[in-house]
Amino acid sequence: MISEEVENRIARYYFHRYLPTSIMEELESLLLPYFLEKDEPSADEMVRLAISYIEKELN
């Protein structure tokens, strides 16, 4: 089993290398308002929102 750190680094590599720029920009626009709020958003909720958006855009 690989460590979580290695898994995260591999995922980040593919995330930045293979997602189209337009999807990356829209994803940032989608998530940014949550991080500008007073309370920090739930990481789990942000991941679910991002995955949902990426899957929709890649289909």
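Side notes on the structure shown:
Rundown of residues vs (1) surrounded by fewer than 13 Cβ atoms within 10 Å (Cβ to Cβ); (2) of a type in the set (D, E, K, R), yes/no style:
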site: E5; (1), (2): yes, yes
site: I10; (1), (2): yes, no
site: E28; (1), (2): yes, yes
site: L31; (1), (2): no, no
site: M46; (1), (2): no, no
site: N59; (1), (2): yes, no
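- Residue count for region 12-26 satisfying the condition of being open to solvent by 100 Å² or more (accessible area, probe 1.4 Å) and out of contact with any helix residue (DSSP H, G or I) (no Cβ under 9 Å at 6 or more places or on another chain): 6.
The values are calculated or read from the model by the stated rules, or taken from the named source; none is laboratory data. Please read these numbers as outputs of a predicted model, since none were measured by experiment. Methodologically, a virtual Cβ is constructed for each residue, glycine included, from the backbone with ideal geometry; neighbour enumeration extends over all protein chains shown. Keep in mind that these areas ignore ligands, DNA and RNA; they rest on the heavy atoms of the full protein, side chains included. Shrake-Rupley method; radii C 1.70, N 1.55, O 1.52, S 1.80 Å.
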